[in-house]
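Notes follow once the structure below has been shown.
The values are calculated or read from the model by the stated rules, or taken from the named source; none is laboratory data. Worth saying up front: this structure is predicted, and the values here are computed from it rather than measured. Cβ placement follows ideal geometry from the backbone for every residue including glycine, while neighbour counts extend to all protein chains displayed. Heavy atoms of the whole protein, side chains included, go into the accessibility calculation; ligands, DNA and RNA do not. Shrake-Rupley method; radii C 1.70, N 1.55, O 1.52, S 1.80 Å.
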Amino acid sequence: MTAGAPAAGRVPGTGGGRFDQAPFLRACRGQPVPHVPVWFMRQAGRALPEYRAARGSGSILEAIARPDLVVELTCQPVDRYGTDAAVVFSDIVVPAAAVGFGVDVAPGTGPVVAEPFRRREDLGRLRPLDPEADTPYVLEAVRLLADTLAVPLIGFAGGPFTVACYLVEGGPSRNFTKVKALMHGDPVLWHHLVERLTDLALASLRSQLDAGASAVQIFDSWAGILTPRHYAELVLPATRRLVAELAASHPGTPTILFGVGTGELLHLMAGAGTSVVGVDWRVPLDEARRRIGPDTAVQGNLDPALCLAGWEVAAAETREVLDLAGTAPGHIFNLGHGVLPETDPGILEAVAALVHEEGRAGVATA
Ligand code: CP3
């Protein structure tokens with residue numbers, strides 16, 4: 001960034017809540033847009049040298065507790081890529097960590113839990129979240145960001161199922177055997193756990209919106225490991241409650257529900273009631289739109305690995321995504337999952353520019 005002039009993504013001191021007509025929010029609502037908006041999941045992170053320089057070592061939870069650093073790390077990708085939205089630098093395990101469940105995030109591994117959730121007594125380790133008291137640093141960062149950014153800020157929480165995966169498995173998992181054993185072996189305890197995690201997510205999301213976030217995304221990243229029936233019975237009801245309670249307290253606020261490998265769940269996810277459903281790269285967007293229906297916007301879905309295959313491939317595949325998204329309103333361009341650490345930032349910058357130039361979903365043709 002050049003000293004003196006604010007970078008493109010930042011307009012200091014202009015206050016939050018002024019983004020009503022921003023292309024990202026309009027696309028979430030299925031309205032026409034001047035250009036197709038784009039942001040990248042996990043846009044902050046190791047792909048950026050300026051992130052590595054600012055972040056330092058230690059647990060990401062320590063970094064998240066420093067609002068000045070969070071502002072810097074959140075703004076970096078917006079400045080660099082020219083994205084239409086920022087996503088607050090935080091993590092899906094922050095609320096559970098903040099109520100003292102005992103979870104950390106190990107660099108290079110992800111969330112790790114010393115004493116995983118196993119039995120009814122463990123519910124006592126998941127007391128309600130009081131955001132002002134338990135995560136004041138998140139709210140301070142969101143307030144600063146809402147004042148600084150020139151684009152809307154996305155707040156987020158983990159979906160109850162995905163957070164449960166980490167708490168029950170004790171860390172990242174390949175087969176999710178322990179969480180499946182709990183869901184099916186003790187459905188009553190599962191219900192209580194999911195309801196507690198839904199309350200944590202709800203309190204966290206509401207507090208981020210009150211502090212100035214313009215939209216929220218629910219990352220239910222691992223929902224795709226479930227069958228449609230099990231998702232519908234054991235996860236969707238809590239997700240639907242989360243979305244409904246958010247809509248009651250924050251009417252009109254765009255909400256996004258995302259998971260990986262959810263091709264067979266998309267029609268069910270659309271029933272959660274969010275404004276947008278995020279789609280990974282496995283389902284072409286025209287087919288995703290059919291499964292999700294005309295009243296819900298779609299977000300996605302360039303395979304992040306193709307950003308590593310050179311610009312020609314990335315450009316062709318970006319055009320393919322734009323093509324499949326069609327011309328109807330309600331497309332937010334994104335990757336099908338998070339930015340991979342080995343990605344050349346220049347490719348993402350060029351992808352964003354290409355989307356702005358050539359995206360047609362909801363863009364009036366003169
Ligand atoms: O998108 C963003 O730029 C905002 C920040 C963000 C982070 N985590 C920061 C982070 C977001 C939105 C998340 C969400 C998150 N965290 C998810 C859902 C999204 C997804 O990828 O499916 C999940 C499953 C987690 C749990 C988690 N935290 C994982 C799997 C990891 C990766 C471990 C690693 O180092 O590769 C983390 C750590 C983490 N969270 C990093 C970042 C930038 C990694 C780098 C670091 O520690 O500095």
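Over the range 233-366, what percent of the accessible surface lies on carbon and sulfur atoms, probe 1.4 Å? Let's see the in-between values first.
Numbers: 2820 of 5310 Å².
That share works out to 53 percent.
Stretched out straight at 0.36 nm per residue, the stretch from R229 to A364 would grow longer than its current Cα-Cα span by 44.6 nm. Which residues among the range 273-309 fall inside the zone where the amide N is under 18 Å from a point 7 Å beyond the Cα of L340, along Cα→Cβ? Within reach of a label on L340: 280-283, 301-309. Rounded to whole numbers, the Karplus 3J(HN,Hα) couplings from phi for the range 53-68 are 5, 7, 6, x, 9, x, 5, 4, 5, 5, 5, 5, 7, 10, x, 4 Hz, using 6.51 cos²θ - 1.76 cosθ + 1.60 with θ = phi - 60°, and x at Gly and Pro.
Given a Förster distance of 45 Å, report the FRET efficiency between A247 and A106 from their Cβ-Cβ distance, rounded to the nearest 0.05.
0.80
The base-10 log of I(q)/I(0) for the chain, evaluated at q = 0.07, 0.09 Å⁻¹, reads -0.27, -0.46 [Debye formula, identical scatterers on Cα atoms, solvent excluded]. Between E357 and Q21, the FRET efficiency from the beta-carbon distance, with R0 = 35 Å, is close to 0.95. Karplus-based coupling profile of the range 144-153, in residue order and whole Hz: 4, 5, 4, 7, 9, 6, 9, 10, x, 9, with θ = phi - 60° in 6.51 cos²θ - 1.76 cosθ + 1.60 and x standing for Gly or Pro.
The share of Cα pairs per 5 Å bin across the range 168-324, counted from zero up to the longest distance, runs 2, 9, 16, 19, 18, 15, 12, 6, 2, 1, 0 percent.
3J(HN,Hα) couplings calculated from phi for the range 30-45 with the Karplus curve 6.51 cos²θ - 1.76 cosθ + 1.60 (θ = phi - 60°) are, in sequence order, x, 9, x, 9, x, 8, 5, x, 9, 8, 10, 4, 6, 6, 7, x Hz; Gly and Pro show x.
Packing order of peptides 279-288, 52-61, 252-261, highest average first: 252-261, 279-288, 52-61 (average count of other Cβ atoms within 10 Å over each peptide's residues). Extension gain, A181 to A315: 0.36 nm times the residue separation minus the Cα-Cα distance gives 43.9 nm.
Note on A54/D147: beta-carbon distance plugged into 1/(1 + (r/R0)^6) with R0 of 22 Å gives a FRET efficiency of 0.65.
Which value, in debye to the nearest 20, gives the size of the charge dipole of the chain about its Cα centre, when Lys and Arg are +1 and Asp and Glu are -1 at the Cβ?
Details: 30 positive and 40 negative charges, 124 e Å.
Using Cβ point charges on Lys, Arg, Asp and Glu, the chain gives about 600 debye.
Remark: spin-label model distance L308-D286 equals 3.0 nm, labels positioned 7 Å along the Cα→Cβ axis.
Grab the Cα-Cα distance for R118 and A133, subtract it from 0.36 nm times how many residues apart they are, and report the gain in nm with one decimal. In short, 2.7 nm is gained.
For the range 143-241, the solvent-accessible area works out to 34 Å² per residue, with a probe of 1.4 Å and every protein chain left in place. Using a cutoff of 8 angstrom between alpha carbon atoms and counting only pairs six or more residues apart, the relative contact order for the range 19-358 works out to 21 percent.
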